[in-house]
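A.B. asks: I am attaching a structure below and will ask some questions about it afterwards.
The values are calculated or read from the model by the stated rules, or taken from the named source; none is laboratory data. Keep in mind the model is a prediction, meaning the values are calculated, not measured. Every residue, glycine among them, receives a Cβ derived from its backbone with ideal geometry; neighbour counts consider all protein chains shown.
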Amino acid sequence: MNELDLPQQTPFGADFSGAEFADNPEPRCPCVLLLDNSWSMNGPPITELNEGLATFKEELMADSLAAKRVEIAIVSFGPVEVVAEFQTAEHFTPPHLSARKDTPMGQAIARGLELLAQRKALYREHGIPFFRPWVFLITDGSPTDDWQAAALEVRKGEEGRAFAFFAVGVEGANLDILQRISLRQPLRLKGLRFRELFQWLSNSMRSVSRSVPGTEVPLSNPATPDGWASI
Amino acid sequence: MTKLYNGAGHPLELGSSLGRGGEGAVHEIAGRPGFVAKVYHQPLGADKALKLDSMARQAHPSLLEIAAWPVDVLRLQPGGPTQGFVMPRVNGYREIHSLYGPAHRKQAFPQADWSFLVHAARNLASAFEAIHARGHVIGDVNPGNVVVSSQALVKLIDCDSFQISAGGRLFPCDVGVPQFTAPELQGQSFHGLRRSPDHDAFGLALLCFHLLFMGRHPFAGRYQGKGDMPIERAIRECRFAFGRHALTRQMEPPPHTLPFAVLPATIIDLFERAFAPPKLAQGRPSARDWRRALDQFGAELRGCARNGAHKYPRALPECPWCALEQASGAVFFVLLERFSADDPGIGPGSFDLESVWNPIQAIAPPPDEAMPTPAPGAGVTPTPLPNGLRRIQRVNALKAVAIGGAALAATLVRGRLVWLWLPLAAVAWSLLRDDAVRREMQRRRLALFAARQEWVELRAAWSQQATGHAFAARLQALTALRDRHRALAAELQRDARRIETDQRQIQLRAFLESHFIDAAQIPGILITDQMALASYGIETAADITAEALKTVPGFGHRLGHQRAAALLGWRQALEQRFRYDPRQGADPAALARLHRQYAQERARIERELLAGPNELTKLKAELLKQRAQLNIALMHQAMREAQAQADLRVFPPGLDALWRRRRG
């Protein structure tokens with residue numbers, strides 16, 4: 001059967017998906033957060049993580065240009081769920097995560113990268129310039145699913161400069177596996193300094209969003225004695 | 001408090017810090033409110049120090065007006081190394097991106113329509129012109145270095161990076177932003193690069209485009225080829241996405257952008273020349289070219305009949321913004337109609353309620369006047385009966401006497417038969433008398449009746465048309481309008497506040513809707529409970545209410561009590577954690593609608609109030625005219641009534657006449 005003969009569906013009505021880009025055509029700086037909400041995060045860790053997310057929004061809102069440029073999407077895993085679709089910081093509402101089940105990290109990475117690819121296609125469609133996206137993984141365990149394929153995707157993306165992938169391990173995380181997924185040195189979160197982590201992330205996103213798409217921005221080292229991370 | 005020394009060695013005291021950046025901090029200067037000090041973290045090298053020194057010596061009023069131009073240098077010790085400089089303070093200006101981006105503009109510059117943007121572009125061009133006229137070049141043109149005021153005045157900041165020519169020496173601009181750099185300079189190092197006003201002209205055209213095209217970059221389009229097309233590459237390859245050669249360069253304007261063709265030919269030509277390959281362009285349009293063309297363009301704009309916030313070139317048959325907003329679902333301009341965000345005040349300059357009310361009050365209400373009872377006037381003579389009738393009257397009298405006499409005689413003779421004689425006499429009288437006189441009397445009685453009827457009608461007309469009711473009613477309506485006008489501002493504010501409260505509700509609802517029951521760990525709620533809830537449409541915290549839970553089997557009764565309480569408690573806990581974000585603000589479109597609605601109402605009230613004095617004067621004149629007419633009618637009526645009465649008097653007074661007189 002000829003492919004052209006297949007019945008085709010057509011969308012109803014006008015497409016207003018471009019309104020957000022017409023309203024705000026600033027270059028975008030997408031950031032995907034892959035957040036572990038497996039059962040082991042239960043208690044103080046998940047509370048601190050939620051507080052950290054609220055801080056993230058507040059810090060970004062303090063910078064009018066970053067608020068228009070930084071776009072946040074959140075995929076939580078345990079199970080994998082898109083908690084927040086891409087939104088500029090202005091419109092982002094920090095979600096409230098609760099600890100649930102396992103740690104399907106491989107699936108979560110795949111889902112996050114898929115979201116990113118869709119978003120980039122939308123940017124191209126609407127003529128919106130964008131900065132190199134960030135993918136930020138935070139976990140406290142080791143993957144309970146197949147992560148090899150995801151690791152390969154991350155590697156390809158990093159090498160093709162399609163995005164920058166950062167991994168942060170909370171107490172109890174398997175840093176060996178993180179090291180095999182991320183090309184960059186995974187960082188270990190000191191205690192439960194989620195708030196400092198998100199402050200650093202928003203500061204970094206702010207300097208990236210004020211830079212020029214396609215240029216490298218020097219980031220402050222979070223692994224100093226005062227910082228939130230150790231290697 | 002830090003003490004520094006200016007170029008002449010005089011001490012300056014720094015005030016509080018206004019901002020801090022990578023290379024230095026900006027401070028207030030004690031006793032010099034119009035100026036600020038930029039102090040570098042590190043002492044400056046000899047070249048930079050010399051540059052600042054020559055800039056300060058070249059400070060010219062025309063530059064200080066449009067730029068944060070250095071006017072003096074600062075040193076830690078007199079004669080020591082330069083550590084900073086003094087510049088005019090730029091206060092109340094916002095970065096230009098908050099003007100050209102529609103979302104941000106609706107908050108930061110709610111009153112700005114397209115003519116405001118055109119005017120800002122015009123002022124931007126004139127700032128460039130002033131810099132170029134003094135022989136300098138901006139070099140690092142980018143949105144971060146341009147700020148705009150609420151009057152569309154433009155200032156350039158970060159002037160210490162400008163390329164300065166002083167006394168035959170050139171101090172280059174060592175920085176730049178590739179997205180705003182001319183194609184011929186793409187890929188070159190900015191360090192020591194010698195730039196010309198023509199390079200600035202490229203950046204100026206880019207910024208003008210951002211202002212006119214709702215923040216779009218002219219080189220950010222839909223690339224038809226494979227892979228990404230970063231802006232720097234698009235600039236280098238002259239892929240102007242809106243221009244006439246866009247398609248041949250595999251570019252297409254992004255969706256939902258203003259069509260390039262709505263611009264007048266002069267402006268299209270300027271953009272085409274500014275973005276053309278440098279070899280073909282033979283020099284880009286200068287800042288002066290832009291200023292002149294934009295001046296003319298601004299004068300050719302007109303308002304849209306359907307939406308006052310839309311401005312477009314007079315030459316176009318219809319408003320392009322209406323079409324664009326309809327197609328995209330975006331709102332580019334908000335209509336505030338003489339209202340500003342800070343002052344929802346109602347009295348715009350041209351309408352002063354008191355001065356409109358005074359003439360209304362000055363019109364004295366017409367005096368009350370009872371309906372007059374005009375005297376019939378002397379000389380009413382009864383109309384005598386015609387001769388024929390008088391004779392008939394006499395004959396009738398004789399007949400009456402004869403019949404009466406006969407009846408009397410009969411009674412005397414046969415007294416017992418009196419019951420027979422009297423009816424016989426009556427029958428004889430009715431057979432023998434002539435009715436012509438009676439008919440005449442009836443006619444005259446009807447005339448009197450008609451005259452009295454006329455009086456009743458005139459009285460009704462008087463009470464309807466000749467009293468001050470209409471005037472008083474109108475005055476009362478106008479007073480109500482005046483009071484409403486006074487209350488409008490408060491009501492508008494109240495409604496605006498309600499929109500904001502709604503905003504809180506909307507945010508709270510969105511927050512609650514993002515919390516799913518099946519994703520939460522609620523003690524005592526099992527998966528089966530979740531399924532039961534879900535089948536009754538209760539899926540998120542927003543759906544949980546006591547009423548809704550009652551309808552779900554297993555939650556309404558005693559056993560379900562605990563589970564229902566757990567759910568309600570969970571929702572309550574979430575509500576407590578919810579944080580309202582006032583920065584999201586109320587929906588500017590909803591606010592604009594509200595303002596428009598109030599503006600319309602206010603305009604209607606003002607129209608009526610303005611028409612008030614005229615209306616009242618007319619009502620009063622009309623009333624006096626009616627009274628005069630009714631007065632004349634009443635006099636005529638009185639005469640007619642008097643005449644009719646007199647006419648009736650020619651008849652001998654009968655029993656009915658006696659009765660009538662008593663009543664009258």
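A.B. asks: Are any residues in the stretch B:460-499 farther than 30 Å from B:Q626 by Cα and of a type outside the set (A, V, I, L, M, F, W, C), and if so, which ones? Working first, answer last.
C.D. replies: Let us first name the residues in the stretch B:460-499 that are farther than 30 Å from B:Q626 by Cα, namely B:483-499.
Answer for the stretch B:460-499, where residues must be farther than 30 Å from B:Q626 by Cα and of a type outside the set (A, V, I, L, M, F, W, C): B:D483, B:R484, B:H485, B:R486, B:E491, B:Q493, B:R494, B:D495, B:R497, B:R498.
A.B. asks: Go through B:R571, B:R504, B:R563 for me and flag whichever is within 38 Å of the chain's Cα centre (by Cα) and either in a helix (DSSP H, G or I) or within 13 Å of chain A (Cβ to nearest Cβ) (or both).
C.D. replies: Numbers: B:R571 fails: within 38 Å of the chain's Cα centre (by Cα); B:R563 fails: within 38 Å of the chain's Cα centre (by Cα).
Testing whether each residue is within 38 Å of the chain's Cα centre (by Cα) and either in a helix (DSSP H, G or I) or within 13 Å of chain A (Cβ to nearest Cβ) (or both) leaves just B:R504.
A.B. asks: Checking the structure you have, find out if any residue of the stretch B:123-144 is of a type in the set (A, V, I, L, M) and under 28 Å from the mean Cα position of the chain (by Cα). Let's see the steps before the verdict.
C.D. replies: From the stretch B:123-144, those of a type in the set (A, V, I, L, M) are B:124-125, B:127, B:130-131, B:133, B:137-138, B:141; that's our starting set.
Among the residues that remain, those that are also under 28 Å from the mean Cα position of the chain (by Cα) are: none.
Within the stretch B:123-144, not a single residue is of a type in the set (A, V, I, L, M) and under 28 Å from the mean Cα position of the chain (by Cα).
A.B. asks: Right, here's the next one. In the stretch B:396-426, which residues are loosely packed, with under 14 Cβ neighbours inside 10 Å and closer than 24 Å to B:M441 by Cβ? Please lay out each step first, then the result.
C.D. replies: Start the filter on the stretch B:396-426 by keeping residues that are loosely packed, with under 14 Cβ neighbours inside 10 Å, which leaves B:397-398, B:401-402, B:404-405, B:408-409, B:412-420, B:422-423, B:426.
B:A397, B:L398, B:V401, B:A402, B:G404, B:A426 - these are the residues of the stretch B:396-426 that are loosely packed, with under 14 Cβ neighbours inside 10 Å and closer than 24 Å to B:M441 by Cβ.
A.B. asks: For B:I235, which of the numbered conditions (1) away from every other protein chain (no Cβ under 11 Å); (2) touching a Lys or Arg at 6+ places or on another chain (Cβ under 9 Å); (3) closer than 23 Å to A:F131 by Cβ; (4) surrounded by 24 or more Cβ atoms within 10 Å (Cβ to Cβ) fails to hold?
C.D. replies: Among (1) away from every other protein chain (no Cβ under 11 Å); (2) touching a Lys or Arg at 6+ places or on another chain (Cβ under 9 Å); (3) closer than 23 Å to A:F131 by Cβ; (4) surrounded by 24 or more Cβ atoms within 10 Å (Cβ to Cβ), the lone unmet condition for B:I235 is (2).
A.B. asks: Same structure again: Give the residue that is modelled with the lowest pLDDT, with candidates limited to residues of the stretch B:574-583 that are touching a helix residue (DSSP H, G or I) at 6+ places or on another chain (Cβ under 6 Å) and in a loop (DSSP other than H, G, I, E, B).
C.D. replies: Of everything passing the filter in the stretch B:574-583, B:Y580 is modelled with the lowest pLDDT.
A.B. asks: Let me ask another. Would you say B:A496 is in a helix (DSSP H, G or I), surrounded by 14 or more Cβ atoms within 10 Å (Cβ to Cβ), without any contact (Cβ under 8 Å) to a residue 24 or more places away in the chain and out of contact with any strand residue (DSSP E or B) (no Cβ under 8 Å at 6 or more places or on another chain)? Before you say what the answer is, go through the steps one by one.
C.D. replies: Values: in a helix (DSSP H, G or I): yes; surrounded by 14 or more Cβ atoms within 10 Å (Cβ to Cβ): yes; without any contact (Cβ under 8 Å) to a residue 24 or more places away in the chain: no; out of contact with any strand residue (DSSP E or B) (no Cβ under 8 Å at 6 or more places or on another chain): yes.
No; evaluated as a whole, the condition is false for this residue.
A.B. asks: Given B:A375, B:A451, B:A460, which one is loosely packed, with under 11 Cβ neighbours inside 10 Å and assigned by TED's automatic domain parsing to the domain that holds B:L648?
C.D. replies: Numbers: B:A375 fails: assigned by TED's automatic domain parsing to the domain that holds B:L648; B:A451 fails: loosely packed, with under 11 Cβ neighbours inside 10 Å.
So the residue among B:A375, B:A451, B:A460 that is loosely packed, with under 11 Cβ neighbours inside 10 Å and assigned by TED's automatic domain parsing to the domain that holds B:L648 is B:A460.
A.B. asks: Given the conditions (1) more than 10 Å from chain B (Cβ to nearest Cβ); (2) part of a strand (DSSP E or B), report the number of the one that A:S76 does not fulfil.
C.D. replies: Status for A:S76: all satisfied but (1).
A.B. asks: Residues in the stretch B:315-331: is at least one free of Cβ contacts under 8 Å to residues at least 60 places away in the same chain, buried (at least 16 other Cβ atoms within 10 Å of the Cβ), within 14 Å of chain A (Cβ to nearest Cβ) and assigned to a loop (DSSP other than H, G, I, E, B)?
C.D. replies: We begin by selecting, within the stretch B:315-331, every residue free of Cβ contacts under 8 Å to residues at least 60 places away in the same chain; these are B:315-319, B:322-323, B:325-326, B:329.
Checking the rest, the ones that are also buried (at least 16 other Cβ atoms within 10 Å of the Cβ) come to B:319, B:325, B:329.
Right, trim to within 14 Å of chain A (Cβ to nearest Cβ) and you get B:325, B:329.
Those still in the list that are assigned to a loop (DSSP other than H, G, I, E, B) too: B:329.
Yes, that holds for at least one residue.
A.B. asks: Of everything in the stretch B:139-184 that's without any contact (Cβ under 8 Å) to a residue 24 or more places away in the chain and away from chain A (no Cβ under 14 Å), which residue is nearest to B:N123 (Cα to Cα)?
C.D. replies: Taking the stretch B:139-184 as the starting set, the residues that turn out to be without any contact (Cβ under 8 Å) to a residue 24 or more places away in the chain are B:145, B:151, B:161, B:168, B:174.
When the remaining residues are screened for being away from chain A (no Cβ under 14 Å), the result is B:151, B:161, B:168, B:174.
Values: B:Q151: 10, B:S161: 21, B:G168: 30, B:D174: 26 Å.
The selected residue is B:Q151.
A.B. asks: Output yes when any residue across the stretch B:257-274 is within 12 Å of chain A (Cβ to nearest Cβ) and in contact with a helix residue (DSSP H, G or I) (Cβ under 9 Å, 6 or more places away or on another chain), and no when none is. Can you show your working first?
C.D. replies: Taking the stretch B:257-274 as the starting set, the residues that turn out to be within 12 Å of chain A (Cβ to nearest Cβ) are B:257-258.
Checking the rest, the ones that are also in contact with a helix residue (DSSP H, G or I) (Cβ under 9 Å, 6 or more places away or on another chain) come to B:257-258.
Within the stretch B:257-274 (the criterion being within 12 Å of chain A (Cβ to nearest Cβ) and in contact with a helix residue (DSSP H, G or I) (Cβ under 9 Å, 6 or more places away or on another chain)), the answer is yes, since at least one residue qualifies.
A.B. asks: Let me ask something else about it. Given (1) among the aliphatic types (A, V, I, L, M); (2) modelled with pLDDT of 90 or more; (3) in a loop (DSSP other than H, G, I, E, B), identify the lone condition not met by B:A305.
C.D. replies: Looking at each condition in turn, B:A305 falls short on (2).
A.B. asks: Hand me the list of helices (runs of 4 or more DSSP H) wholly inside the stretch A:113-231 holding 1 or more residues that are modelled with pLDDT of 85 or more and closer than 23 Å to A:T103 by Cβ. Outline the logic, then answer.
C.D. replies: Numbers: elements: A:148-159, A:175-181, A:194-209.
Once the helices (runs of 4 or more DSSP H) in the stretch A:113-231 are filtered for at least 1 residues that are modelled with pLDDT of 85 or more and closer than 23 Å to A:T103 by Cβ, what remains is A:148-159, A:175-181.
A.B. asks: Here is a follow-up. Among the residues of the stretch B:616-639, are any within 14 Å of chain A (Cβ to nearest Cβ) and part of a helix (DSSP H, G or I)?
C.D. replies: Taking every residue of the stretch B:616-639 in turn, none turns out to be within 14 Å of chain A (Cβ to nearest Cβ) and part of a helix (DSSP H, G or I).
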